[in-house]
1. Quick check: is even one residue across the range 152-175 open to solvent by less than 10 Å² (accessible area, probe 1.4 Å), charged (D, E, K, R) and closer than 15 Å to VAL122 by Cβ?
2. How about the range 92-199: which strands (runs of 3 or more DSSP E) wholly inside it have at least 3 residues that are in contact with a Pro (Cβ under 7 Å, 6 or more places away or on another chain)?
3. Can you tell me which residue in the range 7-36 is least open to solvent (accessible area, probe 1.4 Å), limited to those that are in a strand (DSSP E or B), over 15 Å from VAL60 (Cβ atoms) and not charged (D, E, K, R)?
4. Output the qualifying pairs, or none if there are none: Cβ atoms under 6 angstrom, residues six or more apart or on different chains, first residue in the range 95-114 and touching a residue at least 12 places away in the same chain (Cβ under 8 Å), second residue assigned to a loop (DSSP other than H, G, I, E, B) and among the basic types (Lys, Arg).
5. Go over the candidates GLY206, GLY149, GLY177 one by one and state the one that is farther than 22 Å from ASP24 by Cα and in contact with a Phe, Trp or Tyr (Cβ under 9 Å, 6 or more places away or on another chain).
6. Only one of (1) of a type in the set (D, E, K, R); (2) touching a helix residue (DSSP H, G or I) at 6+ places or on another chain (Cβ under 7 Å); (3) farther than 25 Å from LEU179 by Cα is not met by GLU125, so which one is it?
7. Of all residues in the range 208-236, count the ones that are exposed (fewer than 15 other Cβ atoms within 10 Å of the Cβ) and either of a type in the set (Ser, Thr, Tyr) or over 25 Å from VAL108 (Cβ atoms) (or both).
8. Can you tell me how many residues within the range 200-236 are at pLDDT 90 or above and part of a helix (DSSP H, G or I)?
Amino acid sequence: MTWASIDLNADLGEGFGRWRLTDDEQLLSVVTSANVACGFHAGDAVTMRRVCELAAGRGVRIGAQVSYRDLAGFGRRSMDVPYDELAAEVAYQIGALEVFARAAGARVSYVKPHGALYNRVVRDEGQAQAVVDGVLLTGERLPLLGLPGSRLHEVAEKAGLPVVTEGFTDRAYTADGTLVPRGEEGAVITDPAAVVERSVSLARFGVITSRCGRSVPVRARSLCLHGDTPGAVGLARRVRTQLEASGVRVEAFV
């Protein structure tokens, strides 16, 4: 299945204090959805407020990028967090971002796990249930952005939450449609031309070439552009330009 339109999302607000990793202002002129760090893997109150104001001013949808509590490891280290604790921390992160989204005249429109948590909930039903229950704790039926066929989406659909499938243009895929772990060679695609080509393939045909050369179906409604990639802004502009030149409408999924 392919889509008449595609959403472009990016991980934003990934700084802390005086340290900034992502060029939020420039990326917000390209993407249609912003995954805003909520303080557990990156981000702080001032950063969240600033990104929400910028996103709202540009009509970009605001999403809560929830994570394990792991500032030192940027949320990319595997952790075993008890169900009750994880559910509460997911709700806590969404609630913190919602305050700043509302102050900017917007709302949190969706939720996306980050890093190790994102990869964990692809297969771990217990951790996926904790994320879903954390969303439900907020009292809002927010869509969950994640990998097609993940346990997260299975659990969310059972709970009556909307799900949105996501594809990665700058990450290598395995033959079963999951992401190659970042610690492995070739996990991140660095060739800009390849990233652009993969973006069009995902948006128009719903397929991507795996690391072993096999064509893998990926039914993505949203494409992720990593904001911490060197040259991220220029690459994001190239991707959007080529998508639109290929007849793909770029617009938010919510």
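The values are calculated or read from the model by the stated rules, or taken from the named source; none is laboratory data. Note that this is a predicted model, so its numbers are computed, not measured. Cβ placement follows ideal geometry from the backbone for every residue including glycine, while neighbour counts extend to all protein chains displayed. Just so you know, the surface numbers come from the protein's heavy atoms only, side chains and all, with ligands and any DNA or RNA stripped out. Shrake-Rupley method; radii C 1.70, N 1.55, O 1.52, S 1.80 Å.
1. Yes, the range 152-175 has at least one match.
2. Filter on the range 92-199 gives 163-168.
3. Ranking the candidates gives GLY15 first.
4. ALA101/ARG107
5. GLY206
6. Condition (3) is where GLU125 drops out.
7. Counting residues in the range 208-236 that are exposed (fewer than 15 other Cβ atoms within 10 Å of the Cβ) and either of a type in the set (Ser, Thr, Tyr) or over 25 Å from VAL108 (Cβ atoms) (or both) gives 8.
8. The qualifying residues number 10.
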